[in-house]
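The values are calculated or read from the model by the stated rules, or taken from the named source; none is laboratory data. Predicted, not measured: the structure shown is a model, and the values here were computed from it. A quick note on method: Cβ atoms are made from the backbone with ideal geometry, for glycine too, and the neighbour counts reach across all protein chains shown. All accessible areas refer to the heavy atoms of the entire protein, side chains included, with ligands and DNA or RNA removed. Shrake-Rupley method; radii C 1.70, N 1.55, O 1.52, S 1.80 Å.
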Amino acid sequence: MERNGKPKADLVISGAAEVLTCTGDGMDSIGKLTNGWIAVAGERIVAVGSRQEVTAAVDCGQAQVIEASGKVVVPGFVDCHTHTVFGGSRVTEYAARMTVDNPEQLKKMGIETGIHVSVGMTQAESEEELFLSAKERLVRMMHAGTTTVEIKSGYGLTLKDEIKMLNVNARLGKELPLDICSTFLGAHGWPADLPKDVYISILVEEMIPWVSGLGIATACDVWCDDGHYTAAESARILEAGQKAGLQPKIHTDCYSYVGGSDLAAEMRMLSADHLNYTPKAVMRKLADADVPGVIMPGIDFAVQHARPFDARAMLDAGMTLALATNLCPGCWTESMQFVMMLACRLYRMSPAEALRAATIGGAKALGLAHDRGSIEAGKLADLQIWNVPSYEHAIYRYGVNVIDQVVKRGKVVVDRSLVERVWV
């Protein structure tokens, strides 16, 4: 609404020590404003700047005011690669691997390993059970500042179970104040009782058309790696997805280089994810094709990866990078703050680069940079308020949740300051 010729604000965040808009073209461009103000009308930001600039442009007289003096405001995290919906856990396997990392020895100990363990547990659970466990994880993610989450299927590997997972994604999006982007990852593996070529035909001829027809996914993903799907097989699957209206994404170069990242550049995919073995020449291809690279410090940390991804080489090649949790049974982290810490400490990213990768980079990797990931007039009011004096504290305070409040589409959905006031 307008009043006196000005848009009328419903919410104002005032006097923040720092507002990090994450605008600009550089991977370290964070657009820092001091003593910053933000005005919100409905779901969207209507003004950002100094008090004088915001109050001149917007009627703030009747707005709810959040006083952010001494605090930091940043865009909501966009977690662009997760497997949040899954059955059970692999905690026994994970704990055993602290001292034993030989699959045959683990099998002798009665411990099964790998994706098919999660497939079995996910197939065994009902839609309701999967919904409840995923909901708990998502609530904790929201309390750590995440406002948009991509969730893949891929632990079903049958039409019935893949649709079950995607239905859970849809319900989560309706019942939680988070935006859920749903990705069909039927090509995460293939059933143990089917030859791979037979399963590919089922994917292309049955599963992708069904998923598309139900409207329960917007993207199609495939794991292209040695021992998984070849580049040619991946192309067949993703081209079928494209014809059905599903945007292509790819897990690739995680444990080998078999051409998946080249395919990502050629098809101009939404994103290419993992990239541990990506050659520098292909990094430049991805940069030229404007395909974001999604890098996940959490999974490299969880598996003690033999070849951690090279973030600096990707940045030097001109790539846009996104950070993601890769929340899954083998990498159970729900905190993008933790992911930023790992990116800075272990992968030589600056705090500014990590923040951009966790916000506007993630939005770009989902094709959503037009309406989120940065603090700009016209974009969704997806915001975090950190109870720290400067943004670098988010990667300095290990294991600490710096969140004070989270705003999603203009509404306060997390307010930890209320809890703290009860106990102080």
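For the range 35-45, the criterion of a residue being outside the structural domain of H143 (by the TED database), at pLDDT 95 or above, of a type outside the set (A, V, I, L, M, F, W, C) and closer than 23 Å to A343 by Cβ is satisfied by no position. Going through (1) part of a strand (DSSP E or B); (2) over 29 Å from the mean Cα position of the chain (by Cα) one by one, V74 falls short only on (2). The set of residues from the range 365-396 being open to solvent by 10 Å² or more (accessible area, probe 1.4 Å) and closer than 19 Å to Y347 by Cβ comprises Y391, E392, I395, Y396.
Mind checking which residues of the range 221-257 are touching an Asp or Glu at 6+ places or on another chain (Cβ under 6 Å) and assigned to a loop (DSSP other than H, G, I, E, B)?
Matches in the range 221-257: C254, Y255, S256.
For the range 30-71, filtering for residues that are open to solvent by 60 Å² or more (accessible area, probe 1.4 Å) and of a type in the set (F, W, Y) leaves 0. Only one entry of M267, M283 meets the criterion of being over 14 Å from A365 (Cα atoms), hydrophobic (A, V, I, L, M, F, W, C) and touching a Pro at 6+ places or on another chain (Cβ under 9 Å), and that entry is M267. Across the range 317-353, the qualifying residues are those that are among the small types (G, A, S) and within 13 Å of the chain's Cα centre (by Cα), and the one among them that is farthest from H251 (Cα to Cα) is S335.
Could you list all residues from the range 168-198 that are surrounded by fewer than 19 Cβ atoms within 10 Å (Cβ to Cβ), touching a residue at least 12 places away in the same chain (Cβ under 8 Å) and either touching a Phe, Trp or Tyr at 6+ places or on another chain (Cβ under 9 Å) or assigned to a loop (DSSP other than H, G, I, E, B) (or both)?
Those that are surrounded by fewer than 19 Cβ atoms within 10 Å (Cβ to Cβ), touching a residue at least 12 places away in the same chain (Cβ under 8 Å) and either touching a Phe, Trp or Tyr at 6+ places or on another chain (Cβ under 9 Å) or assigned to a loop (DSSP other than H, G, I, E, B) (or both): R171, E175, L176, P177, P191, A192, K196.
When the range 303-314 is filtered for residues that are touching a Phe, Trp or Tyr at 6+ places or on another chain (Cβ under 8 Å) and either at pLDDT below 95 or crowded, with 21+ Cβ neighbours inside 10 Å (or both), the ones remaining, listed by number, are F309, A311.
Determine, yes or no, whether G293 is buried (at least 24 other Cβ atoms within 10 Å of the Cβ) and modelled with pLDDT of 95 or more. It is true that G293 is buried (at least 24 other Cβ atoms within 10 Å of the Cβ) and modelled with pLDDT of 95 or more. Take A170 and tell me if it is modelled with pLDDT of 95 or more and over 23 Å from the mean Cα position of the chain (by Cα). Spelling it out, it is not the case that A170 is modelled with pLDDT of 95 or more and over 23 Å from the mean Cα position of the chain (by Cα). I'd like the full set of residues that are of a type outside the set (G, A, S) and either within 18 Å of E150 (Cβ to Cβ) or touching a residue at least 40 places away in the same chain (Cβ under 8 Å) (or both), limited to the range 209-223. Result: W210, V211, L214, I216, T218, C220, D221, V222, W223. Scanning the range 237-256 for residues being hydroxyl-bearing (S, T, Y) and surrounded by fewer than 19 Cβ atoms within 10 Å (Cβ to Cβ) gives a total of 2. For the range 334-357, the criterion of being assigned to a loop (DSSP other than H, G, I, E, B), open to solvent by 10 Å² or more (accessible area, probe 1.4 Å) and closer than 30 Å to H116 by Cβ is met by at least one residue.
For the range 258-282, the set of residues classified as crowded, with 24+ Cβ neighbours inside 10 Å and either at pLDDT below 95 or part of a helix (DSSP H, G or I) (or both) consists of G260, S261, A264, listed by residue number. Could you please let me know if K8 is closer than 17 Å to Q384 by Cβ, open to solvent by 30 Å² or more (accessible area, probe 1.4 Å) and modelled with pLDDT of 95 or more? When the stated conditions are applied, K8 does not pass them. Within the range 213-236, the only residue that satisfies the criterion of being open to solvent by 10 Å² or more (accessible area, probe 1.4 Å), within 19 Å of the chain's Cα centre (by Cα) and closer than 24 Å to P195 by Cβ is W223. Listed here are the strands (runs of 3 or more DSSP E) enclosed by the range 1-67 that have at least 1 residues being over 26 Å from L418 (Cα atoms) and of a type outside the set (A, V, I, L, M, F, W, C): 32-41, 44-49.
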